[in-house]
Amino acid sequence: MTHDVQIEIPLSKQKMILTLLGSIVFVGLGIWFLINPPKISNPFFGNPTLIFIVGLASILFFGLVAITIFRKFSDKQPGLVISRQGITDNSSGVSAGLIPWTDIQEIKVSQVMSQKFLMFIVSNPQDYLDKVTNPIKRNAMKMNYKTYGSPISISSNALQTNFDDLEKLLVEKMNEYKS
């Protein structure tokens, strides 16, 4: 196989629509929690302050997800590009851009509940944080770094591929291009 082949994985409009619809539902639930909180007899879950905080957090988080996905619909770039230089990530709201193979030390699988994602352990994580100007994106990447050891993660959620195929392809290409 030639080293000059570039692989492009497009964004999946179908997956993005489903995620957008789910986000809108959770924003709606958050609004309902704020406007007309449910009456729950449980002293913990029925606490009006807790219900307010959950409603507000739902609106903020899922609203941000919905806005990010909505903006991605007009994005004509591929979600992920794998080339001799490295991986160019454009798959999410916290995409890292170009990640050169020379920076990648390891690709690890992490999971939160049933959601799997790939963590890219890089030799210079602070460089990726420093080049981000958006404070929301930077804070999300910092949280990834503190929790998982890298600011860079990629999932298959918005890509026209499944997780297992994506992991296999990226590990194979890392081994090919770094050898």
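The values are calculated or read from the model by the stated rules, or taken from the named source; none is laboratory data. The shown structure was predicted, so the numbers you read here are calculated from the model rather than taken from an experiment. Counting neighbours? That spans all protein chains shown, and the Cβs are built from the backbone with ideal geometry, glycine included. Keep in mind that these areas ignore ligands, DNA and RNA; they rest on the heavy atoms of the full protein, side chains included. Shrake-Rupley method; radii C 1.70, N 1.55, O 1.52, S 1.80 Å.
What the table shows:
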| read-out | value |
| --- | --- |
| Among the residues listed as Gly63, Gly93, the single one being within 20 Å of Ile9 (Cβ to Cβ) and either touching an Asp or Glu at 6+ places or on another chain (Cβ under 7 Å) or not aliphatic (A, V, I, L, M) (or both) | Gly93 |
| Of the criteria (1) out of contact with any Gly (no Cβ under 6 Å at 6 or more places or on another chain); (2) surrounded by 16 or more Cβ atoms within 10 Å (Cβ to Cβ); (3) of a type outside the set (Lys, Arg), which one Ile99 fails | (1) |
| Hey, Gly22 crowded, with 19+ Cβ neighbours inside 10 Å, assigned to a helix (DSSP H, G or I) and modelled with pLDDT of 95 or more or not | no |
| Hits in the range 110-127 - residues which are open to solvent by 60 Å² or more (accessible area, probe 1.4 Å) and either within 21 Å of Thr19 (Cβ to Cβ) or at pLDDT 95 or above (or both) | Gln111, Val112, Met113, Ser114, Gln115, Lys116 |
| Single condition Tyr145 does not satisfy, out of (1) in a helix (DSSP H, G or I); (2) more than 16 Å from Thr88 (Cβ to Cβ); (3) modelled with pLDDT of 90 or more; (4) open to solvent by less than 80 Å² (accessible area, probe 1.4 Å) | (4) |
| Residue count, the range 49-96 (criterion: farther than 24 Å from Asp130 by Cα, without any contact (Cβ under 8 Å) to a residue 12 or more places away in the chain and open to solvent by less than 80 Å² (accessible area, probe 1.4 Å)) | 1 |
